[in-house]
Each structure stands twice: as C-alpha cells, then as structure tokens.
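Worksheet for the structure shown next.
No lab work stands behind these numbers, since they all come straight from the coordinates. The structure displayed is predicted, hence computed values, not measured ones. Note that we place each Cβ from the backbone using ideal geometry, even for glycine, and neighbour counts take in every protein chain shown.
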Amino acid sequence: MNEKVLHVLEFDKVIDRLVKNASTERGKAMAASLAPYDNMADIELAQSETADALQRILARGSVSFAGIRDVRGSLHAAEAGGILSTRELMDIASLLETTDQVRRYGISDNDEERIFDSLDDRFNCLAPLNHVAGEIRHCILDADTIADDASSTLKDIRRKKVLASDKIHTTLQNMINGSLKNYLMENIITIRDNRYCVPVRAEHKSQVPGMVHDQSSTGATLFIEPQSVVKLNNDIRELELLEREEIQEILKGLSFECGTNAEVIRADDTILAELDFIFARAKLALDMEATRPVFNSNEIIRLHGARHPLIDKKKVVPIDIHLGDDFDLLIVTGPNTGGKTVSLKTVGLCELMGLSGLHIPALDRSELSFFREVYADIGDEQSIEQNLSTFSSHMKNIIEILANANITSLCLFDELCAGTDPTEGAALATSVLAWLHKRSIRTMATTHYSELKEYALTTNWVENACCEFDVETLSPTYRILVGVPGKSNAFAISKRLGLPDFVIEDAKERMDEEDKKFENLLASLEKNRVELEKRKSEIAKAEREVQELQSELDSGRQKLEDSKEKILAKAKEEAKVLLSEAKATADETIRNMQKYADSDTMRAAERDRERLRQQLGKTKGKQKSLGSSGSGKAGIDPRQIKMGDEVRIVSLGLHGTVNSLPDSKGNLFVQCGIIKYKSNASDLIYEKDSKEDTKKKVKNGQKSLSHAQTISTECMLIGMTAFDAEQTLGQYLDEAYLSHLPQARIVHGKGSGILRKVVHDYLKRCKYVESFRLGEFGEGDAGVTIAVFKKPKGK
C-alpha cells in the first residue's frame with residue numbers, strides 16, 4: 001500500500017488512537033507500525049484475532065498488560081554471564097507475574113467456560129516460571145533493599161552488624177555520660193564517613209584521644225572517633241564489605257537463573273506484546289462501536305451505517321453506500337460542507353482499517369473487498385517549493401493514479417479536475433473517469449460539474465449520488481442518497497448568507513437554457529423524492545401502529561385464555577373435593593349398614609350403593625370432560641414462539657428447547673437433549689402446561705394395576721440435560737411410590753457431578769422419600785443413588 005494514501009485519508013490518526021490503547025512498549029511499537037496487509041490470509045487472521053479478543057473482553061472484561069518493560073537487553077546480559085541490577089531483576093519478575101495473570105485470564109479451569117478461538121495457542125504457550133518470579137520477589141523487596149532471608153549468610157552478617165552497632169552505641173553512650181561529658185559540644189552520637197563519632201569542642205581536642213573525621217563549618221566542633229571504638233567501627237566496616245559481597249552473590253545467582261531461562265522469558269515477552277497489540281485493536285473496536293467486516297473477492301463494497309472513525313460518534317451521521325455491485329463508478333454531487341469529502345474519506349478509511357485487521361465503524365455484515373492498492377486525491381496540495389499550483393498538484397496525482405491503477409485498485413477523487421476553466425475541467429474529469437470505467441476500476445468521485453451528472457445518467461454501470469440538502473432549512477443533512485444526482489444549491493445558500501436578490505436573479509438569467517432545464521429537472525426529482533420519503537415514513541408509522549394494535553389484541557387474547565384456564569382448574573379442584581367427600585360419606589354409611597342391618601336392609605342398601613356409584617361415575621365423567629376441555633389441544637401460534645422457549649413435542653412425548661424460529665409453514669427445530677428434532681408449531685405445547693398436566697395426573701392417582709406391576713426398580717438419567725433429568729426423575733418417583741416399591745435405584749453417572757447434584761437436590765425436596773445414599777461397591781458406586789421411600793400409612 002502506498003504511504004501517501006495513509007496520510008491523505010488520515011489513517012495515521014486512527015493509528016494514534018490504536019497506540020493509546022496499548023500498554024507495553026513493544027505493543028505500542030507494533031500498533032504504530034500497523035499497515036494494510038498484502039494477502040487475504042493475513043487479513044482474515046488479524047480480523048479473527050480482533051474479533052476473538054473483543055469477545056473475550058465482552059465476556060470476561062479486559063486484561064491488563066501494565067507494568068511490563070522491555071527486558072530484552074537484560075536477558076542478553078544475563079545470558080552472557082553478567083550480573084543484573086535489582087531493578088532489572090524486578091522488571092523480569094513483573095513480566096513473569098503478568099504472564100501468569102494473562103495465562104489465567106486466557107485459560108479457564110472450567111471447560112464449560114472455555115472460549116476456544118484464534119488466541120488459544122498464544123495463551124497456551126505462555127510459561128509463567130513462577131519459581132523464578134517467586135525467588136526474585138523473595139530476595140528483593142524493592143530496588144534498594146535485599147531481604148535478610150535472601151540467604152542464611154546475609155542474615156548472619158546483618159545480625160552481627162546489628163550486634164556491633166548496639167555495642168558501639170552502648171560504649172559511646174557511657175563515654176558521653178561519663179569521661180567525655182565536659183568536652184562535648186552536644187551529648188549525641190553521630191556518623192561521619194560511615195563511622196560512629198562524637199562532637200568534641202575544638203579546645204578539648206587533646207582530651208579525647210581518637211581519629212578526627214570532620215569538623216563544623218566554624219571549626220568550633222571536631223567529630224572524633226574515640227580510640228576505644230575504632231576496632232568496633234572497623235568490625236562494622238568489614239561486615240559491610242561482606243554484606244556487599246554476599247548481595248552480589250545473590251544477584252549473581254538470580255541473574256544466572258534468568259539467563260538459563262532467557263529463551264522462555266523472551267518468548268513470554270514476545271507473546272505478551274502480541275496479545276497487547278491484539279487487545280488494543282479490540283479496545284479500539286469497542287470504543288468505536290465497530291464490527292468485523294465481511295470480505296468478498298468481487299471488488300464490491302457495501303457499507304451499512306458507516307461512520308467516519310475520527311468524528312465524535314455522537315455527532316457523526318451514519319451513511320449507507322455501495323460500490324461495485326450495480327455500478328463500478330459513483331459520482332457524488334451536492335453543496336459545499338454537505339459531507340461529500342467526509343463520505344469519500346469514510347469509504348477509504350473503512351477499507352484501510354479492514355485491510356489492517358481492524359474492525360470498521362459500521363453496522364454488522366458490512367462488506368469490503370481485498371483491494372491491493374487504494375489511491376486518493378483529496379485536499380489542497382499546492383506546493384510552493386515545487387512551484388505547483390493547486391490544479392497542477394492534483395493533476396500530478398491523477399497522472400500517477402492512471403499509470404498504476406488496475407482492477408484490484410480503489411480510486412477516490414475529491415473535486416476531480418477542479419481549480420481550472422470549468423469547461424475544460426469538466427471535459428478532463430469526464431475523460432479520466434471514462435478511462436477508469438472502461439477498465440472496471442472501482443472509483444468514487446465528488447464534483448460540482450453538471451457534465452459529470454449527465455455522464456452518470458447516460459452511461460451504464462455509472463451511478464449518481466448526492467449529499468442530501470434540506471431546502472426548507474437551507475442546511476445539509478449529511479446523508480448520502482445513491483441513485484439521485486445532487487444540486488449544488490449555490491443560489492439558495494448565497495441567498496441565505498445575504499447576497500442581494502437582484503444579484504441572484506441576474507445570475508439565473510445568465511445561465512444557459514439547457515443548464516436551467518437540467519437544474520429544474522433535478523429540483524423536480526428532489527421534490528418527488530422528498531414526497532416519497534415522507535409517504536414512506538407515514539406508511540412505516542402506520543405499520544408500526546398496526547403491529548402495536550395486533551400485539552395488544554394478542555395480549556388480551558392470551559389474558560383471556562389464562563383466565564379461562566384458571567377458572568377451569570379451580571372448577572376441577574372443587575369437583576374433585578366434592579367427589580372425595582361424597583364417596584367417603586357413602587362408603588362409611590354402607591359399612592355401618594352392613595354391620596348392623598338385617599339381610600333385607602343390606603340388599604336395599606346395596607341397591608342404593610349401586611345407584612350412588614353410578615351417580616359418582618357420571619360426575620367423574622363430567623369432571624373428565626371438563627378437564628379435557630381445560631387442558632387445551634396441542635398447537636402454538638408460530639408468531640408467539642421465541643428462541644429458547646421450553647416446549648413439549650406432543651406426538652413424541654419429548655421435552656426440549658426451541659432451536660430455530662418457525663418458517664412460513666410453521667416448521668422449526670427443537671433441541672431435545674443431544675438430538676435436534678424437526679417439528680411443527682401445531683404439534684407443540686409449552687412446557688409449563690405439560691408439567692401442570694403431569695402433576696394433576698399423579699394427584700388423581702390414575703395409575704393402572706398392570707402398570708404398577710411392570711414399573712422398573714431403576715431410573716436411567718445418563719445423557720440427559722439437567723432439566724430433562726429432573727422431569728424424568730419426578731415422574732418415575734411418583735410412579736414408583738404409587739406402585740409401593742420399597743426403594744429405587746437412580747443411575748446418573750459420575751462425570752462432572754451435575755446430574756448427581758440435580759438428583760440429590762430433588763430427593764431432598766421429595767416428601768415421600770425417607771432417605772437416600774450413594775451406591776456401594778457392586779451397586780454402581782458414586783454413579784448411582786439409592787432412594788428409600790416412606791412406608792404408606794396403614795402398611
């Protein structure tokens with residue numbers, strides 16, 4: 001990619017923003033040197049890295065690379081046998097600690113939380129060397145302090161230093177309070193040349209035998225080391241030399257450890273710099289609200305809601321623009337300050353950012369193509385040094401572009417061939433664009449020349465576009481309208497700025513008749529377009545209102561259905577209570593009659609009992625009819641189905657989750673465990689309705705004797721989801737308990753323990769389970785749970 005276009009389109013300013021998002025010196029250097037890639041494989045890889053880093057930031061938050069310094073020089077010295085300073089060793093420790101933090105950020109211990117992407121290899125290759133970092137931190141407290149525990153020898157030397165220092169202080173303090181009391185300037189102990197001294201009056205120098213190390217500025221005080229502590233001071237000096245030597249040995253050992261692992265540390269440093277660079281791209285995308293572009297090989301650009309990346313996203317007006325699909329040459333016209341140049345730069349910058357692995361400030365699924373070169377002639381490039389006028393400078397760029405452009409190039413021209421005679425300039429501009437058009441070179445140009453508008457109207461694969469202008473407010477809207485030629489609106493703008501009407505009218509009279517007709521045609525087209533836009537807006541508003549009314553109607557219908565269900569459910573419950581009470585009373589009465597009455601009375605009672613049973617049967621039949629009407633038939637309105645809804649496939653008796661929205665025929669996919677089934681909305685009911693029906697059936701005790709005899713003593717849950725397992729377990733336990741099984745064997749497998757937890761949580765809540773335990777050896781161990789039922793009353 002030519003360097004000139006990067007500057008002309010202000011790509012360097014985008015790079016400046018990218019650099020600010022990097023944390024390390026090497027990461028910033030990589031960001032600063034970023035340029036468009038020259039092959040599609042590198043572009044897609046960079047885009048994937050940016051997208052994966054952005055996904056990680058959104059899922060887990062950002063990762064910090066702060067505190068990393070360039071340690072390459074230190075590692076080289078350590079490999080050569082040099083001794084590193086405490087600061088250099090601390091920088092290496094900081095790098096290794098950051099390596100550990102970044103690795104833990106990138107690799108989760110929980111497989112369910114793992115994000116497998118293009119960054120995995122880098123995270124996996126990081127080697128924290130925690131033992132090296134830990135040893136450095138153990139030995140070095142800060143840049144100026146080595147820990148006492150760095151070695152046993154150092155600890156012993158420092159202990160002896162403390163003892164010697166305490167002994168000197170005791171000796172000197174005794175002298176100050178005794179024999180030297182009358183000769184001292186002050187009763188203090190001071191240090192000169194790292195040796196303990198006392199301040200003696202100059203006139204009493206001969207009374208204090210010892211070595212003079214210093215004197216005051218006036219000469220009245222001499223700092224003397226008494227003879228009695230000279231040996232003790234010498235001992236401390238010797239210990240200090242030993243301490244310095246031991247510290248050097250400690251640093252030497254740490255440096256040797258770093259030199260031994262230099263290759264690993266250097267690799268960590270490189271990977272961290274690369275990750276810092278990648279995450280800087282992701283942070284820039286997050287800040288710009290950018291998305292990953294889709295690349296095609298057809299030299300086609302389709303931008304939806306594209307924004308200039310250097311303009312405040314709260315102020316910039318998004319544009320929709322396409323090039324290369326229905327036309328390969330787009331001519332943009334419109335008033336000055338209307339947004340033509342910004343639109344031109346937006347297209348160019350989005351292309352350069354995409355080719356560089358950066359996400360672009362546009363809506364999702366925007367498309368770019370792999371252009372090997374982007375050429376741009378934008379702005380005033382007058383050169384005094386080269387004695388070139390504005391027109392000459394632009395023409396020099398145009399000549400260079402025509403000499404190098406080909407089918408894989410994208411050409412951008414701002415005010416093509418302006419700055420000279422309008423007639424000649426228009427002719428030159430038309431010829432330049434025609435030459436590019438014949439070679440199918442994707443080109444976008446802005447202009448005020450009416451001749452270029454006419455050229456676009458009369459030439460295939462050439463299209464007009466304009467920057468929308470509000471005639472009522474005489475201000476631009478900054479929207480790009482493809483397919484509509486624009487007006488410069490020079491007269492309207494001049495009038496708004498205060499140019500006298502007579503001047504404007506005179507200017508209109510001087511226009512060529514053909515130009516007048518053309519401008520009037522453009523004005524008429526613009527008026528019709530505005531009216532169509534207004535009508536379209538009104539239709540869209542009406543459609544939204546219809547949708548809102550439909551939603552309210554559906555909501556009211558749903559509330560009515562819910563109320564109906566509640567009323568029917570309540571009626572069924574009341575009927576069941578009445579039936580139970582009547583049956584209990586009848587049975588009690590007949591038992592009494594059998595106990596006390598004679599045979600004739602018993603026969604009459606038996607006939608009454610039979611009549612009562614028939615009446616109860618009729619009542620049950622009505623209850624069953626009522627229940628069937630309340631449960632509702634299978635089928636869900638396809639418009640109400642949403643992704644993730646929990647449903648039941650009636651024909652198969654399977655529970656699952658909606659995996660796709662219904663098509664025009666109501667067909668959709670339902671995920672049941674690990675298998676995906678194709679079904680229809682008419683064969684589905686919502687899971688909550690299915691669960692209510694199941695509970696009612698269990699409560700009603702509708703279990704046949706033949707089923708009780710064939711109930712299994714084992715419930716198999718392996719392979720099910722947590723939800724399906726809980727539903728299956730609940731139904732099985734109800735049937736097993738009603739069948740009077742003493743205990744049940746529940747097989748959930750070992751695995752990660754999720755199903756076992758679901759089973760145990762359910763058993764804790766189950767009222768008719770007395771106890772449960774994990775299986776013993778021979779029963780299935782931890783993959784099986786044995787549940788013991790409570791004994792029914794009366795048994």
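What's the center-to-center distance, using Cα atoms, between region 153-171 and region 53-92 in Å?
Between the Cα centre of region 153-171 and that of region 53-92, the gap is 38 Å.
Using a Förster distance of 22 Å, how high is the FRET efficiency between Gln558 and Phe723, based on the Cβ-Cβ distance and rounded to 0.05?
For Gln558 and Phe723, the calculated efficiency is 0.35.
Relative to the present Cα-Cα distance, how much length would full extension add between Arg639 and Asp149 at 0.36 nm per residue of separation? Write out the running numbers ahead of the final one.
On the way: separation 490, 0.36 × 490 = 176.40 nm, distance 7.29 nm.
Going from the current span to full extension adds 169.1 nm.
Within the set Lys161/Lys205; Lys4/Lys396; Lys161/Lys231; Lys28/Lys313, which residue pairs have Cα atoms separated by over 18 Å?
Numbers: Lys161/Lys205 29 Å; Lys4/Lys396 13 Å; Lys161/Lys231 13 Å; Lys28/Lys313 24 Å.
Pairs exceeding the cut-off: Lys161/Lys205; Lys28/Lys313.
So how far apart, in nm, are the two label points at Ala575 and Arg69 if each is 7 Å from Cα heading toward Cβ?
Roughly 8.5 nm, to one decimal.
Along the Cα-to-Cβ line of Arg17, 7 Å from the Cα, sits a label point; which residues in region 346-370 have backbone N less than 16 Å from it?
Taking a point 7 Å out along Cα→Cβ of Arg17, the residues of region 346-370 whose backbone N falls under 16 Å are 346-363.
Once Rh is set to the Kirkwood radius over Cα pairs, what Stokes-Einstein translational diffusion coefficient, in µm²/s, holds for region 49-136 at a temperature of 4 °C and a viscosity of 1.567 mPa s? Kindly include the intermediate steps, with their values, before the conclusion.
Working: Rh = 14.6 Å.
Roughly 89 µm²/s, to the nearest whole number.
Hey, any idea what Rg/Rh is for region 214-276, computing Rh the Kirkwood way over Cα pairs?
Over the Cα atoms of region 214-276, Rg/Rh equals 1.45.
Could you give me the percent of Cα pairs per 10 Å distance bin for region 243-290, shortest bin first, beginning at zero and ending with the bin that holds the maximum distance?
24, 24, 20, 17, 12, 4
Could you give the dipole magnitude of region 33-92 about its Cα centre, charging the beta-carbon of Lys and Arg +1 and that of Asp and Glu -1, in debye to the nearest 20?
360
Across the Cα atoms of region 209-344, what radius of gyration and what greatest pairwise Cα-Cα distance (Dmax) are found, in Å?
Answer for region 209-344, Rg first and Dmax second: 36.5, 106 Å.
Positive end of the dipole of region 157-308, charges at C-beta (+1 Lys, Arg; -1 Asp, Glu), about the Cα centre: which of Gly253, Tyr183, Met288 has its Cα farthest in that direction?
Farthest towards the positive pole: Tyr183.
Go through 545-556, 735-746 and give me the packing order, highest mean Cβ count within 10 Å leading.
Highest-to-lowest ranking by the protection proxy: 735-746, 545-556.
May I ask for the percentage of alpha-carbon pairs in region 1-107 that lie more than 20 Å from each other?
That fraction is 58 percent.
Applying a 10 Å radius around every beta-carbon, put 200-206, 413-419, 296-302 in order of their mean neighbour count, most first.
My ranking of the peptides, most packed first, is 413-419, 296-302, 200-206.
What do you get for Rg/Rh over region 26-182 if you use C-alpha atoms and the Kirkwood form of Rh? Kindly include the intermediate steps, with their values, before the conclusion.
Numbers: Rg = 25.7 Å, Rh = 20.5 Å.
On the Cα set of region 26-182, Rg over Rh gives 1.25.
Which entries of Lys764/Lys791; Lys576/Lys757; Lys564/Lys764 show an alpha-carbon separation above 25 angstrom in the structure shown?
Lys576/Lys757; Lys564/Lys764
If you project the alpha carbons of region 207-250 onto their three principal axes, what span does each projection cover, largest first, in Å?
Answer, in whole Å and largest first: 45, 24, 7 Å.
With a Förster radius of 60 Å, plug the Cβ-Cβ distance of Ser392 and Glu538 into 1/(1 + (r/R0)^6) and report the FRET value to the nearest 0.05.
0.70
Starting with the highest mean, order 317-324, 348-355, 271-278 by the number of other Cβ atoms within 10 Å, averaged over the residues of each peptide.
Ranked by mean Cβ neighbours within 10 Å, highest first: 348-355, 271-278, 317-324.
Along Cα→Cβ, 7 Å out, is where each label goes; now give me the distance between the ones at Arg60 and Met185 in nm to one decimal.
Going from the Arg60 label point to the Met185 one covers 6.5 nm.
Modelling each spin label as a point 7 Å along the Cα-to-Cβ direction, I'd like the Thr171/Asp287 distance in nm, to one decimal.
6.5
Calculate the FRET efficiency for Lys160 and Arg87 from the Cβ-Cβ distance with a Förster distance of 30 Å, rounded to the nearest 0.05.
About 0.60, to the nearest 0.05.
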